[in-house]
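The values are calculated or read from the model by the stated rules, or taken from the named source; none is laboratory data. In this text, all values refer to a predicted model and were calculated from it rather than measured experimentally. For neighbour counting, all protein chains shown are included, and Cβ atoms are generated from backbone atoms with ideal geometry for every residue, glycine included. These area figures cover heavy atoms from the full protein model, side chains too; ligands, DNA and RNA do not enter into them. Shrake-Rupley method; radii C 1.70, N 1.55, O 1.52, S 1.80 Å.
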Amino acid sequence: MNKKQIITACAGVLLAGVAAAGIIGWVSEHKKVEDLKAQTEAMKKQVVRSAIDRSISAQMEDIANEQREISDEKREEALQQTRVANDMRLRSEKERQNALEAERNAVASEKKALEASAVADDQRRLAEQQRQLAEHQRIQAEFSKSKADTLSYIALGRSLASISSIQAQAGNTDIANLLGYASYLFTSRYNGDIYYPAVFQSLMNLSHSMVSWTEHNGAVMNMECMAGQNNSVVSVSNYGEIILSERKGNRLQTKALFKDSRYDFRDVMIDQNSGSIYAVSRTGHLVIIQKDLKTINTIVLDKVEHPVRLYNLSGKGLLVVGDKAVAQIDLKHKVVSNTKQLPFRVVLSAHKDGQPLLFDDKGMMHQMKGLENYDTQKVPFTGKVTAYCASKKNGIEAFGFSDGAIWLLNKSGKKQQLVGHRSRVSTLKINGQQLFSSSYDGSVNLWMIDMEKAKPMTLVSTNNWIMHFNYDSPKHTFWVGDAKGNLSVINISVPVMVDNIKKKLKRNLTREEWNYYIGQDVPYETFIGNQAKI
């Protein structure tokens with residue numbers, strides 16, 4: 001490239017650079033102008049906005065001033081309301097204080113009123129206590145007097161009973177009956193014990209409660225009342241006799257149902273449903289008499305040595321107890337259905353809780369649950385047991401012994417001895433709180449077993465061994481059999497005895513007799529006639 005060209009090129013480049021620089025400068029200035037215009041416009045707007053803002057601010061200031069004025073008015077009003085509220089609060093507080101003061105005054109007044117009322121109540125209570133005390137003392141005095149009178153009259157009743165018995169023994173029947181009846185009246189009227197020995201024995205003796213007949217050739221070993229016939233009894237003897245007896249007043253009608261001296265009957269039982277009679281003989285025989293009293297069957301008890309007792313097995317036949325075996329009897333076919341040999345020797349058979357109770361010669365007793373099952377325990381007393389009875393109702397068991405002793409055992413284990421018999425106790429029976437006992441000493445005794453120290457009252461006293469006794473279903477009449485073959489009937493119903501004595505009264509006590517036997521302080525009364533009290 002030549003120099004001209006280079007210069008031309010360089011001039012061209014330079015020119016281009018100047019042109020470019022000029023363009024850039026123009027653009028830059030133009031931009032500045034535009035920016036200034038924009039700033040000017042912005043400033044104009046800002047001026048306009050500032051004017052607007054100043055106008056708004058002035059308006060807001062006006063509004064604020066108005067709000068301040070309103071606020072000042074409201075504050076003034078609020079202050080006024082506050083002052084009013086404070087005044088009202090002060091009034092309210094004052095009223096509350098007044099109310100509290102009034103309440104305190106009311107409480108104080110009420111307290112004073114209550115104190116005054118309490119004092120009045122105390123005075124009333126004291127007065128009521130004094131009145132009740134006086135009433136109690138009056139009642140106590142009346143009770144003491146009544147009790148003294150009661151004891152006095154009960155003692156009088158017992159005294160009259162003793163005098164009555166003495167007069168009866170002396171043969172003065174008339175006065176004995178009058179005094180005996182008076183004894184009953186005073187004893188019963190003042191709730192005394194009619195069964196007190198002197199009183200009860202006097203009633204028995206005066207009413208002639210016992211009647212006896214000799215019907216058996218042998219000793220009466222057992223007896224049973226006929227079903228539904230309290231005046232009829234079937235008795236058996238060791239002389240092979242089965243006799244039906246019916247009491248009619250003081251007479252006895254008898255019928256021999258079976259007699260064979262080869263037999264030795266020890267027990268008799270009557271089926272209360274069928275009416276059949278069963279009697280077991282120690283010779284090894286069971287005699288069955290049907291209800292018609294004519295049909296008689298005999299069952300031989302081959303495997304039962306010396307059978308002595310019968311038990312009803314409640315629809316399962318009869319149980320026969322011997323010295324060393326028991327047998328079950330099928331009554332439908334009239335045969336021995338089963339026999340069980342016992343590992344002990346039976347000396348006494350009794351009942352307990354509806355089951356047979358067997359006593360052996362080793363001091364043990366066995367309650368049979370079945371032919372193959374029995375419970376064994378030791379007899380709780382020492383000695384040979386000859387009689388036993390138990391009451392499920394009051395939980396008492398009674399044991400009679402060969403020496404005449406009787407022991408009671410209650411369900412809590414307490415033991416009590418009854419002393420009265422002199423020889424072997426033969427039969428024991430419990431009726432409620434009464435225990436009846438018979439003995440070979442010839443007596444039948446009544447014991448009140450609810451007493452701490454029971455004393456015997458003799459119902460029967462003979463010179464013969466009492467073998468057995470039984471009573472009718474009302475338990476008012478006793479049938480007693482002895483070793484001489486006698487049957488005795490004893491009435492122990494107090495109303496019947498009293499009625500019999502009253503029927504014998506022919507007159508009333510004279511005033512002199514009344515004053516002598518009863519006393520002048522006891523108001524006189526008559527026993528018969530229109531004026532009689534009882």
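In terms of Cα to Cα distance under 17 Å, which aspartates and glutamates are near enough to K44, apart from those fewer than 8 places away along the same chain? Within the straight-line limit of under 17 Å, K44 reaches these aspartates and glutamates: E34, D35, D53. Taking only DSSP H segments of four or more residues, each worth -39500 (n - 2.57), what value at 222 nm results for the chain once the sum is divided by all its residues, to the nearest 500 deg cm²/dmol? Calculated at 222 nm, the ellipticity per residue is -14500 deg cm²/dmol. To the nearest Å, what is the center-to-center distance of region 312-386 and region 459-504, using C-alpha atoms only? Result: 30 Å between the Cα centres.
Distance between the pseudo-spin-label points of K37 and K415 (7 Å out from Cα toward the beta carbon): 14.8 nm. Helix 494-504 axis versus longest C-alpha principal axis of the chain: approximately 40°, rounded to the nearest ten. Based on the reciprocal of the average 1/r between different C-alpha atoms, the Kirkwood radius for region 148-187 equals 9.8 Å. Placing a label point 7 Å from the Cα of S188 along the Cα-to-Cβ direction, the residues of region 453-492 whose backbone N falls under 15 Å of that point are 492.
Roughly how tilted is helix 3-169, in degrees to the nearest 10 and between 0 and 90, from the longest Cα axis of the chain? The angle comes out at about 20 degrees. Evaluate the Debye formula for region 226-376 with equal point scatterers sitting on the alpha carbons, no solvent, and hand back log10 of I(q)/I(0) at q = 0.10, 0.16 Å⁻¹, in q order, two decimals. For region 226-376 at q = 0.10, 0.16 Å⁻¹, log10 I(q)/I(0) is -0.36, -0.87. Over the chain, accessible surface divided per residue gives 58 Å², non-protein components excluded, 1.4 Å probe. For each pair in K259/K303; K362/K392; K332/K384; K378/K475; K453/K506, compute the distance between the two Cα atoms and list the pairs where it is over 29 Å. In this structure, K332/K384; K378/K475; K453/K506 exceed 29 Å between Cα atoms.
Straight-line reach from K294: which aspartates and glutamates have Cα under 17 Å away, leaving out those fewer than 8 places along the same chain? Here the aspartates and glutamates satisfying the reach criterion relative to K294 are E241, D260, D271. Computed over the alpha-carbon atoms, the chain gives an Rg to Rh ratio of 1.83, Rh here being the Kirkwood radius from the mean inverse distance. Only the Cβ atoms of Lys and Arg (+1) and of Asp and Glu (-1) were treated as charged; on that basis the dipole of region 148-302 about its Cα centre amounts to roughly 240 debye. For G485, the residues 5 or more places off, or on other chains, whose built amide H falls under 5 Å of its own are V220.
The portion of the accessible surface of region 241-309 made up by carbon and sulfur, rounded to a whole percent, is 41 (1.4 Å probe; DNA, RNA and ligands excluded). For region 158-233, the Cα-based Rg and Dmax, in that order, read 16.7, 48 Å. Think of each Lys and Arg Cβ as +1 and each Asp and Glu Cβ as -1; about the Cα centre, that makes the dipole of region 456-534 roughly 240 debye.
Measuring nothing but protein heavy atoms, the accessible surface of region 420-460 at 1.4 Å probe radius is 43 percent carbon and sulfur. The alpha carbon convex hull volume per residue for region 374-423 rounds to 91 Å³.
Shape class for region 387-534, computed from the alpha carbon gyration tensor (a ≥ b ≥ c): prolate, with a/c not under 1.5 and a/b above b/c. Taking other residues whose beta carbon is less than 11 angstrom from the beta carbon of V280, and scoring Lys, Arg as +1 and Asp, Glu as -1, yields +1. A crude spin-label estimate for the pair S152 and L313, with each label 7 Å from Cα along the Cβ direction, gives 6.7 nm. When the Cα atoms of region 198-241 are aligned to their principal axes, the ranges along those axes come out at 40, 26, 14 Å in descending order.
Averaging sequence separations of C-alpha pairs under 8 Å and six or more residues apart, then dividing by the length of region 417-534, give the relative contact order as a whole percent. Across region 417-534, relative contact order equals 13 percent. Cross-link partners of K455 among lysines, defined as those whose alpha carbon lies under 20 angstrom from its own and excluding same-chain residues fewer than eight positions apart: K414, K415, K429. What does the C-alpha gyration tensor say about the overall shape of region 446-493? Classify as rounded when a/c is under 1.5, otherwise prolate if a/b is larger than b/c, or oblate. Taking the square roots of the gyration eigenvalues as a ≥ b ≥ c, region 446-493 is oblate. The value of relative contact order for the chain, using C-alpha pairs under 8 Å at least six residues apart, is 9 percent. Annotation: amide H of R282 within the under-5 Å range of D264, F265, R266, sequence separation 5 or more or interchain, hydrogens built in the peptide plane.
Dipole size of the chain about its Cα centre, with +1 on Lys/Arg Cβ and -1 on Asp/Glu Cβ: approximately 1580 debye, rounded to the nearest 20. Dimensions of region 157-291 along the principal axes, based on C-alpha atoms and rounded to the nearest Å, stand at 55, 32, 24, largest first.
The reciprocal of the average 1/r between distinct C-alpha atoms defines the Kirkwood hydrodynamic radius, which for region 308-451 equals 16.0 Å. Count Lys and Arg as plus one, Asp and Glu as minus one, and take only other residues whose Cβ is under 11 Å from that of A256; the net charge is then -1. With contacts taken as Cα pairs under 8 Å at a separation of at least 6 residues, region 173-302 carries a relative contact order of 14 percent. The longest stretch of the chain left intact once loop-based GluC sites (Glu not before Pro) with at most 11 other Cβ atoms within 10 Å are removed from consideration, loops following DSSP, is 1-371.
Since only L286, G400, L126 are under comparison, the one whose Cα sits farthest along the positive direction of the charge dipole of the chain, derived from C-beta charges on Lys, Arg, Asp and Glu, is L286.
With Cβ to Cβ distances under 12 Å as the rule, what net charge do the other residues near A198 carry (K, R +1; D, E -1)? It works out to a net charge of +1.
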